[in-house]
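Q: One structure coming up, written as structure tokens, with questions to follow.
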Amino acid sequence: MAVHYGVIGCGMMGQEHLRNLALLPDAEVVAIFEPDAVMRARAAEVAPNARMVGSAAELLAIEAIDCLLIASPNHFHLGQLEEIAAIRPLPVLVEKPLFTNAADIARIEILREKYPAPIWVAMEYRYMPPVARLIAEAEAATGGIRMLTIREHRFPFLKKVGDWNRFNDQTGGTMVEKCCHFFDLMRLILKSDPVRIMASGGQAVNHADERYDGLQPDIWDHGYAIVDFASGARAMLELCMFAEGSRYQEEISAVGPLGKIECKVPGPGRFWPEHLGAPPVAKVIVSPREPQGPRAVDIPVDPTLLDAGDHNGSTFYQHQRFLRAVRGNGPVEVTVDDGRWAVLMGLAAQQSSQTGQAVKFPMAQL
Ligand SMILES: NC(=O)c1ccc[n+]([C@@H]2O[C@H](COP(=O)([O-])OP(=O)(O)OC[C@H]3O[C@@H](n4cnc5c(N)ncnc54)[C@H](O)[C@@H]3O)[C@@H](O)[C@H]2O)c1
């Protein structure tokens, strides 16, 4: 029998979820709460059978719903999880970031301890086929990763409903909003937790001429972060959001005593200029030290999945696995604890950039 979803917040990302759920034979979206009329109409085109409701509470009153998806703006995630916990704690897939403010950590702990059903934090990058391949082969290719580098060079933040993504107090800051994905990947790939972060970031190019109610956006568009892990491994993040001219959007490399493995991941196909021909295909490259000789393989993604979203098919694969967890047939792969760590690392990177000091974990002020 199909699993019935209720969706809370259905803008750009919510609609990507809808398109991917439509490709899954055992999933059906039965109701959507989306406050914006334009987005509501777009969502209705993608999921014509879904009932549109006026609040999260109204959605939770629909008996047929088996699980929930939260794809509202960042600063609503935690409050909506608490509302769901109080009314009807169903299994929930909540978009990243789990929360936006260090002061809310105690509320996250309560959810972690008390929520009686699966909470899965959406971390799509884990499920991109080239990234998944790198993760699967990293140990054999490197002999144990000592250095991990993640570079994202991409387009500026897109326009959002109510321009919520232009301000740090609504997103948590770029190191949280954007980079929580990469901090999550670091922990996943290195199988270790961070002990220290140093970062430098800021706003150099984007959004400087924009004003919203007279206010200039304070969201950052570039930065570096260096992370020391308990295992002794080191990781580095490089983010640049004025680099959409790049062939690849994400480039990850992991190096250890035996060699190096890399992956190169293109950005959304819809942004690739037509006159340049077909969009680039993802690659994984293994470069042993002995015998030397890099070996590159293409990792093509099913074109139907590429068309269904901006994330290399990952939204589809993540729902497949979330559905297994909802049915009790698989684990929650991205837990509240994973979501908590990803945000804490982002907040620490914001703080380090602002103070010029390294931040140690556990963070002193929490
Ligand atoms: N995992 C990923 O790769 C990825 C990619 C993009 C966005 N996201 C996340 O998805 C979420 C939505 O981002 P988006 O890009 O779709 O933004 P968006 O602005 O396009 O969509 C957000 C929608 O939520 C609606 N909304 C506003 N207040 C709400 C409320 N109180 N309750 C319910 N809905 C409300 C808005 O009307 C809007 O349609 C964000 O948390 C973002 O960080 C994740």
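The values are calculated or read from the model by the stated rules, or taken from the named source; none is laboratory data. In this text the structure is predicted, and so the values were computed from the model without any measurement. Every residue, glycine among them, receives a Cβ derived from its backbone with ideal geometry; neighbour counts consider all protein chains shown. SASA here: full protein model, heavy atoms, side chains in, ligands and nucleic acids out. Shrake-Rupley method; radii C 1.70, N 1.55, O 1.52, S 1.80 Å.
Q: Suppose the chain between residue 329 and residue 58 were pulled fully straight at 0.36 nm per residue; how much longer would it get relative to their current alpha carbon spacing?
A: Value of the extension gain: 94.7 nm.
Q: Same structure, new question: Specify the angular offset, from 0 to 90 degrees and rounded to the nearest 10, of the alpha carbon long axis of helix 12-21 from the longest principal axis of the alpha carbons in the chain.
A: 80 degrees
Q: Might you report the magnitude of the Cβ-based charge dipole of the chain about its Cα centre, with Lys and Arg at +1 and Asp and Glu at -1, to the nearest 20 debye?
A: Result for the chain is approximately 840 debye, rounded to the nearest 20.
Q: Report, in degrees rounded to the nearest 10, the 0 to 90 angle that the Cα long axis of helix 77-87 makes with the longest principal axis of the chain.
A: Roughly 40 degrees, rounded to the nearest 10.
Q: In terms of Cα to Cα distance under 17 Å, which lysines are near enough to residue 159, apart from those fewer than 8 places away along the same chain?
A: Qualifying lysines at Cα under 17 Å: 178.
Q: Taking only protein heavy atoms and a 1.4 Å probe, what accessible area per residue, in Å², does segment 3-124 have with all protein chains in place? Spell out each step's value before the answer.
A: Working: 4730 Å² over 122 residues.
Roughly 39 Å² per residue, with all protein chains present.
Q: Specify whether the C-alpha gyration tensor of the chain places it in the rounded, prolate or oblate class, a ≥ b ≥ c being the square roots of the eigenvalues: rounded for a/c under 1.5, otherwise prolate if a/b is larger than b/c and oblate if not.
A: Rounded.
Q: Roughly how tilted is helix 314-326, in degrees to the nearest 10 and between 0 and 90, from the longest Cα axis of the chain?
A: It is inclined by approximately 60 degrees.
Q: Could you check how much of the accessible area of segment 1-151 is carbon and sulfur, as a whole percent, using a 1.4 Å probe?
A: Result for segment 1-151: 55 percent of the exposed heavy-atom area is carbon or sulfur.
Q: State the Cα centre-to-centre distance between segment 1-70 and segment 254-329 in whole Å.
A: Here the answer is 28 Å between Cα centres.
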